[in-house]
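Participant: Shown below is the structure under consideration.
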Amino acid sequence: ASPKTSSVHHVVLFKLDKSKTDMAKIRQLTDNCIRVIPGLIELHFGEENPKIFDSKLDRANGTTHVLISRYINPEALKIYTTHPEHIKLVKYLRSVATAPDR
């Protein structure tokens, strides 16, 4: 019997130029990822909201957006990182980024 593996979460913070960022385009790209990448359970992308509730501390440090995704196992995350639909998303996000990713 193989060992049980748990789902894996992947979180990426971005500094994007809001004047160049097309949220409809990002929605299309993320929807494509969800539809075709095996093992990808969910993928969420959104804008940082420092005023989401009164006591929230603003620790964004310039971050404007976040992507959170979940996979059935570590192998599915590996598949995601090299999948052509994910590469399209990465290329678009880099094209509107104001700071290089690390």
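The numbers here are math on the coordinates, done by the rules we state, and not lab data. Note that the structure is a prediction, hence the values are computed from the model and not measured. Heads up, the Cβs are rebuilt from the backbone with ideal geometry, glycines too, and the neighbour counts pull from every protein chain shown.
Participant: How long is the gain from residue 7 to residue 88 if the chain were fully straight, where each residue apart is worth 0.36 nm and the alpha carbon distance is subtracted? Let's see the in-between values first.
Facilitator: Numbers: separation 81, 0.36 × 81 = 29.16 nm, distance 2.40 nm.
Gain in length upon complete extension: 26.8 nm.
Participant: Tell me the label-point distance for the pair residue 36, residue 81, using the 7 Å Cα-to-Cβ offset, in nm and rounded to one decimal.
Facilitator: 2.1
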